[in-house]
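The values are calculated or read from the model by the stated rules, or taken from the named source; none is laboratory data. Everything numeric here is computed off the predicted structure, so don't read it as measured data. We place every Cβ from the backbone using ideal geometry, glycine too, and count neighbours over all the protein chains shown. Only protein heavy atoms, including side chains, enter the accessible area calculation; ligands, DNA and RNA are left aside. Shrake-Rupley method; radii C 1.70, N 1.55, O 1.52, S 1.80 Å.
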Amino acid sequence: MEYLGYLTVLVAVSLLFIPQAYAQDIDSLKLASGADSLTLAASDSLQMNPDSAATVVYSKKELKRMYRDSVWNYKDSVLRHTPRILYTYVFDNATKDKRMFLWNADTYFNKPVSIKPDTTFHEWFSEQPHQRYDAGANYLGVSGSAMQYNNWFLRPHFKVFPFFDYYLPYSYTPETLPFYNTKTPYTELGYWGTLFANKKLEESNIRFLHTQNFTPSFNVNFLYQRYGAAGMLQNERTDNRTLAITGNYLGKRYVAQGGYIFNRIKREENGGISDPTMVLDTLVDAKIIPITLQDADNTLKRNTFFLTHSYGIPFKFLQKADSLGVKEEKDLGEGTMAYIGHSFDASFYSKKYTDNISLTDTLGRELYNNKFYINPTTSADSMRVFKLENRFFINMQPWAKEAIVSNVSAGIGHQYLSLYGFEQQFFLQGNSTEKQNNMYMYFGAGGKLKRYFSWDGIGIYNFAGYYQNDFSIEGKMKFSSYPKGMPQGIHLTGKLHISQERPNYFFNNAYTNHYVWKNDFEKTTQTRIEAKLDIPDWKMEAFFGYAMLKNNTYFDSLSIVRQNPESMSILTAYLKKDIRLWKFHFENKVLFQISSDEEVVPLPELALDLKYYFQFWLVKNVLNVQVGANAIYTSDYYAQGYSPALGVFYNQKVEKIGNTPYIDAFVNLQWKRASIFVKYENAALGWPDSDYFSSYRYIRTQKALKLGIHWPFYVK
């Protein structure tokens, strides 16, 4: 009977794959039972003599294999003929129908925020973050090195471990990492660097991304990127690497984003040039310019495991019934809903600084003001933080997904921190860590009116732990209109931020070889108002921001952390506008800023990023070409210096930098999907002078030939 069962299923399933005419020819099956085999005798095609056909004997193993193959063939047939459709309430139909769409995760309420993919040569011409998103930056002149945007409102802050502030633009956090959903596998290959340069001057930036959906709902993404260079000066080799392995699931009710992020920065520290006149008064090889530190380096590491997920529950009992008592069927995500979710983040951050400064090294010892608290010649400073954070939230949708009040949310979070920084008593008591248990609650709400108006806000209050009584309130409103001839619309966005926060633990406690402090700083208060006007059809964007600060922290001229007890303000405005005259294009980024207290927050009053070029088709619809120049300029100001031991920027009043354009000549190509450029960096070296500092005592790249290619692969 076991064999007969195998045979029955085999014949029934196989008939699905046999042509109908042939199937009609099979009119008999003769079964002969036996211990280890089954004999099949088939009639001939004319059904004249059933016994004339040769018998076929199948073993037990062959029958099992035939049965297994028939089942798999059936499954494959069903899968091939089943439409692969994404069913999820998170995105609208217009988004789900795209070949590929991207979003950022919201770790508070799991409400994804759509973002635009970068695929053209306009987007990837500038691989450095400060050129893509801002009009220049204060940085150490080397790709992947510590950097802060000129635009104060764009500067990111890492509350848990502030030493990563200056490296976040090169990497990702769970909130800034892009997640993908794609109909076909998608791959990006990118290289930007001085491919033909001497190894002593080489720059090599690499990007590799691969993402694909295994089902319409489930996607896996692999990202690796590296920023780094040997640098212009001695001892400034930088290697900044990021690896991210993530996945996301967009189900009918269950939505999740999670993964792993690794970031490591290794940098040789030279403390900057010892004599600025070697740059200002002469044109010499940068490698022979004297530097301040001969043997020092920094290593920063970041490991993050994270997951944000939620489950939607429709309230069907609230749906109205018609006169026959039949309730109206609604798509999931419509009507009254509740979304219950959880967010998890386990991260480890570390920073290690080492140096060897001999007793006769005057320059090196003066850089640290002759302060050596632990060892007179050797430093080995280490700081570490382990964070374990969980959030639980509920997001209520009272009426509809697109209503003026479409969601009301609440959540509670717990953050465990284990912090290590050397303390003097460790000499006798041994090493130990500071433990913190911070608890907070948060609330949010939002809504929209069709495509013309949307708003949302979130408030966070810490009720226990190191950050007790800290709070922040953020709100955003967006108005959109779509006049005739402007299909992409006109968008006006306003933001408000109010916060009161206790300064980071390391700003209150530090004991390193060169710096020691014990503070009890007051809470920092901050109020920001922002407005942005975006007109995509005109390729124009305008921004205005105003901030009021009190008790904000900064590093003085001795690299000692201080707190400003007075109120101060920052005003920022920028304009991005692309102008086209025939085949000539003029892309302009203009940034204007005023700081009411330059002793605390020094900023350039004017910063420009101007890209002017002539664009034409060399091969129509195949090869598009841009030929032009890119100029970066900042007005002169007391740009901040950099402390290698702390890895932070500090204020100085010794020397102003700026007021000199930095010009790159380029040829930029869009060949089908590939974006390719060749740049001649610092083409106007020495004109009108040689003041091409990127930060106090750090210089930009001298003349160099740079190649860049960004190539996306996908199936249309």
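List of remarks:
- If the segment from Ile535 to Phe616 were pulled out straight at 0.36 nm per residue, it would be longer than the present Cα-Cα gap by 26.7 nm.
- Note that segment 383-524 presents 52 Å² accessible area per residue, ligands and nucleic acids not counted, probe 1.4 Å.
- Length-normalised contact order of segment 484-640 in % [C-alpha pairs under 8 Å, at least 6 apart]: 15 percent
- The Cα atoms of segment 402-553 define a convex hull whose projected area, averaged across directions, is 12.7 nm².
- Calculation over all alpha carbon pairs of segment 660-716 in 5 angstrom steps from 0 returns a P(r) of 4, 17, 20, 17, 13, 10, 9, 6, 3, 2, 0 percent.
- Karplus 3J(HN,Hα) series, Hz, for segment 124-141 with 6.51 cos²θ - 1.76 cosθ + 1.60 (x for Gly, Pro): 9, 5, 10, 7, 6, x, 6, 8, 6, 10, 8, 8, x, 7, 9, 8, 8, x
- Karplus-derived 3J(HN,Hα) values for segment 607-612, using 6.51 cos²θ - 1.76 cosθ + 1.60 with θ = phi - 60°, are 9, 10, 9, 10, 10, 10 Hz; glycine and proline are entered as x.
- Rolling a 1.4 angstrom probe over the chain with all protein chains present gives an accessible area of which 59% lies on carbon and sulfur atoms.
- Gap separating the Cα centres of segment 481-499 and segment 234-304, nearest whole Å: 36 Å
- Contour excess over end-to-end distance, with Cα ends at Asn390 and Val408 and 0.36 nm allotted per residue: 4.5 nm
- Counting Cα-Cα pairs of segment 223-268 in 10 Å increments starting at 0 gives whole-percent bin shares of 24, 30, 22, 14, 8, 2.
- Backbone phi angles across segment 694-708, fed through the Karplus curve with coefficients 6.51, -1.76 and 1.60 (θ = phi - 60°), yield HN-Hα couplings of 8, 7, 4, 6, 10, 10, 6, 5, 6, 4, 7, 9, 10, 10, x Hz in residue order; Gly and Pro are listed as x.
- Here the calculated FRET efficiency for Lys672 and Trp72, from their Cβ-Cβ distance with R0 = 35 Å, stands at 0.35, rounded to the nearest 0.05.
- Positive-pole candidate from Tyr452, Thr299, Thr493, dipole of the chain, charges at beta carbon: Tyr452
- The figure for Arg155 is an accessible area of roughly 40 square angstrom, using a 1.4 Å probe on the protein chains alone.
- Largest to smallest in accessible area, the residues Ser569, Ser643 fall in the order Ser569, Ser643 (1.4 Å probe, all protein chains included).
- Spin-label pair Trp582/Asn437, simplified geometry with 7 Å Cα→Cβ offset, distance in nm: 7.4 nm
- In the chain, the longest principal axis of the Cα atoms and the axis of helix 60-80 are about 60 degrees apart.
- Taking 0.36 nm per residue of separation and subtracting the Cα-Cα distance, full extension of the segment from Thr176 to Leu496 would add 113.2 nm.
- Within the full protein context, the accessible area of Ile663 is estimated at about 40 Å² for a probe radius of 1.4 Å.
- Averaging the Cα positions of each part gives two centres, and for segment 663-716 and segment 585-615 these lie 19 Å apart.
- Column: log10 I(q)/I(0), Debye, Cα scatterers of segment 559-685, q = 0.15, 0.17 Å⁻¹: -0.86, -0.97
- Dividing the mean sequence gap of close Cα pairs (under 8 Å, 6+ apart) by how many residues the chain holds gives a relative contact order of 10 percent.
- Cα gyration tensor shape of segment 639-685, rounded if a/c is under 1.5, else prolate or oblate by comparing a/b with b/c: oblate
- Debye-sum result for segment 504-605 in log10 I(q)/I(0), which assumes one identical scatterer on each alpha carbon, at q = 0.15 Å⁻¹: -0.76
- Computed from Cα atoms, the angle from the helix 2-14 axis to the main principal axis of the chain rounds to 70 degrees.
- Normalised by 2.2 N^0.38 Å, with N the number of residues, the alpha-carbon radius of gyration of segment 122-236 equals 1.23.
- Tail beyond 18 Å, pair distance distribution of segment 197-244 (Cα, percent): 48 percent
- Here the average projected area of the convex hull drawn through the C-alpha atoms of segment 155-222 stands at 7.1 nm².
- Exposure rank, largest accessible area first [Lys450, Lys679, Lys476; 1.4 Å]: Lys450, Lys476, Lys679
- Reciprocal of mean inverse Cα separation for segment 561-624 (Kirkwood radius, Å): 15.1 Å
- Model label points for Ser557 and Leu623, set 7 angstrom from Cα along the Cα-to-Cβ axis, are 5.7 nm apart.
- Note on Asp636 and Ile288: with the Förster distance fixed at 35 Å, the Cβ-Cβ geometry gives a FRET efficiency of about 0.85.
- Binned Cα-Cα distances of the chain, short to long, each 10 Å bin given as a whole percent: 2, 11, 20, 22, 17, 10, 6, 5, 4, 2, 0, 0
- Accessible area expressed per residue, segment 186-290, with surrounding protein chains retained (probe 1.4 Å, Å²): 39 Å²
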